[in-house]
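Below you'll find the structure, written out as structure tokens, and then a few comments.
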Amino acid sequence: MLGSYYGLSFNPFDKQNAREKDRFLSKDISEMTSRLDYLKDTRGIGLFTARPGMGKSFALRCFAKCLNPNLYHMEYICLSTVSVMEFYRQLCSVLGLEPRGGKPGMFRAVQEQILYLYKDKKQPLLLAVDEAQYLSTGILEDIKMLMNYGYDSLNCFTLILCGEPHLNSTLKKPVHEALRQRITVHYNFSGLSDSEVAQYILHKISCAGGAASIIDQAALSAVHSHSQGSPRLVDNLMTDALTLGAQMDKKVIDTDVILASVSSQNLGQEVPDMKYDCILRHGSHRETWTGELILLGMGDGWYEAEINGRGTYFHILTGRHRYGNYLCIPNHDVGCELSDFSDIFWNKERIGSLMRKVDAVTVATGLVHLPAMASGRLKN
């Protein structure tokens, strides 16, 4: 069994073994929990953002476990890239409603159920939406109507939005001003500090019946250096360290073991990204700004990437199909055919028919650089 070499009854760094009662109360978890405690009675919207793997979903789970089910009705939705209709179907499902009557019918049913929980059952709804960076403009608009409809001066439920940091940029758009004004609490995760990483590791080792002496101080610091304060990366590193340390016959996990784990996890390889110039011409006037392209993944004829520009985030899937190129931007409900990636003029016009011109320029210009970035990654 993994960890038995070091006297552990189980692997405490395995996500499957994570128990609410064994949670490590980091600064981030404490800050989020205190804000949720306040929000549950004041109601309104809470916004919590963090890089992937920082523990916000686990914090939500712990919070839900501590709620009195006689006083609150909490539901949880984890989004992928969903349409407005799919969002309503998920919402109906968690609230025990039949998803029928199209969008208007589902909207009324959800709103009536929220009122019923608040007024009749005296169990106001707390709705947690995880991976909220995938909320499209259409869904955010409907959330605003859901919170306003029929009871503008009365907060009947609590909405908890959890997502990656670019969710902040999305909500800063003028179109979301009314929704943003309803945000009561807001917190951005900062990650585990150096001392917290050490405390986190030793806490988990203790929960599995292990001794602090199985890892030395230098190794603890090395984990922080290579994990960027992410609990998930710490867990991954330490899981490998337990295996590799035993294979190396190391009675104490030291920096050699951690560096071997880093190599195994490929944490030394940075995610390819680049900055580029965007230009939009209005007659004789020229508007410029900086775009950012981050390559997330690639395969045979396809790419997945993030593009950022002027405070707007685009999660793109693009590549070749049998008859040409395609582009899909799920978090903006956009999809279309493309010319060659180098044909910025045609692509800008095509994308611009579906979204703002400035956004079309950001995306089309980023696509120009995508094959070269991917080629560089392959060479590495």
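Coordinate-derived values only; no laboratory data. For clarity, every value in this text was computed on a predicted model and none was experimentally measured. Neighbour counts run over all protein chains shown; Cβ positions are idealised from the backbone, glycine included.
Sort 109-117, 223-231 for me by packing, meaning the mean count of neighbouring Cβ atoms within 10 Å per residue, highest on top.
The peptides rank, most packed first, as 223-231, 109-117.
Where nothing but the Cβ of Lys and Arg (+1) and of Asp and Glu (-1) is charged, how large is the charge dipole of the stretch 74-188 around its Cα centre, in debye to the nearest 20?
My answer is approximately 240 debye.
Can you tell which of Ser261, Ala109, Met248 lies farthest toward the positive end of the dipole of the chain, using +1 and -1 charges on the Cβ of basic and acidic side chains (Lys, Arg; Asp, Glu)?
Towards the positive end, the residue furthest out is Ala109.
Subtracting the Cα-Cα distance from 0.36 nm times the residue separation, let me have the gained length for Tyr276 to Ala218 in nm, one decimal.
Using 0.36 nm per residue and subtracting the Cα-Cα distance, I get 16.9 nm.
For a label point 7 Å from the Cα of Glu86 along Cα→C-beta, name the residues of the stretch 108-136 whose backbone N is under 12 Å from it.
In the stretch 108-136, the label zone of Glu86 (backbone N under 12 Å from the point 7 Å along Cα→Cβ) covers 134-136.
When the dipole is taken about the Cα centre of the chain, and only Lys, Arg (+1) and Asp, Glu (-1) are charged at their Cβ, what size is it in debye, to the nearest 20?
860 debye
How large is the Kirkwood hydrodynamic radius of the stretch 114-197, counting all unique pairs of alpha carbons, in Å?
14.5 Å
Past 27 Å, Cα to Cα, is the threshold; run Lys122/Lys173; Lys56/Lys250; Lys204/Lys250; Lys275/Lys357; Lys65/Lys119; Lys27/Lys251 against it and keep the listed order.
Lys122/Lys173; Lys56/Lys250; Lys27/Lys251, as the Cα separations exceed 27 Å there.
Just to be sure I understand: if I project the alpha-carbon convex hull of the chain onto a plane and average over all orientations, what area do I get in nm²?
Computing the convex hull of the Cα atoms and averaging its projections yields 22.7 nm².
Just to be sure I understand: with springs between alpha-carbon atoms less than 10 Å apart, which residue in Gly366, Gly191, Gly101 has the highest mean-square fluctuation in the Gaussian network model of the chain?
Largest GNM mean-square fluctuation: Gly101.
Give me the mean projected area, in nm² to one decimal, of the convex hull enclosing the Cα positions of the stretch 27-188.
Value for the stretch 27-188: 8.7 nm².
Using only alpha carbon positions, build the gyration tensor of the stretch 37-104, then give the equivalent ellipsoid semi-axes as the square roots of 5 times its eigenvalues, largest first, whole angstrom.
So the equivalent ellipsoid measures 24, 18, 11 Å along its semi-axes.
If I model a spin label at Glu292 and Ile77 as a point 7 Å from the Cα along the Cα→Cβ vector, what separation in nanometres do I get?
In this crude spin-label approximation the distance works out to 2.8 nm.
What order do you get for Phe107, Phe63 when you list them from fewest to most C-beta neighbours inside 10 Å?
Ordered from fewest to most neighbouring Cβ atoms within 10 Å, Phe107, Phe63 come out as Phe107, Phe63.
Please arrange Cys92, Cys66 by counting, for each residue, the other beta carbons lying within 10 Å of its beta carbon, fewest first.
Cys66, Cys92
Using a 10 Å cut-off around each Cβ, can you sort Thr184, Thr312 from fewest to most neighbouring Cβ atoms?
Ranking Thr184, Thr312 by Cβ neighbours within 10 Å, fewest first, gives Thr184, Thr312.
In nm, what is the difference between 0.36 nm times the number of residues separating Ala372 and Glu20 and their Cα-Cα distance?
In short, 122.2 nm is gained.
Using alpha carbons only, how many angstrom separate the centre of the stretch 317-358 from the centre of the stretch 275-300?
Their Cα centres are 14 Å away from one another.
Relative to the compact-globule scaling 2.2 N^0.38 Å, provide the ratio for the alpha-carbon radius of gyration of the stretch 273-379.
Relative to the 2.2 N^0.38 Å estimate, the stretch 273-379 comes out at 1.00.
Could you list which residues have their amide H under 5 Å from that of Leu296, counting only those 5 or more apart in sequence or on another chain, with H placed in the peptide plane?
Placed amide hydrogens put Glu304, Ala305, Glu306 under 5 Å from Leu296.
Separation between the Asp343 and Gln199 pseudo-spin-labels, each 7 Å from Cα along Cα→Cβ, expressed in nm?
5.8 nm
I want to check the label-to-label distance for Asn70 and Ala178. Put each point 7 Å from Cα in the C-beta direction and report it in nm to one decimal.
3.9 nm
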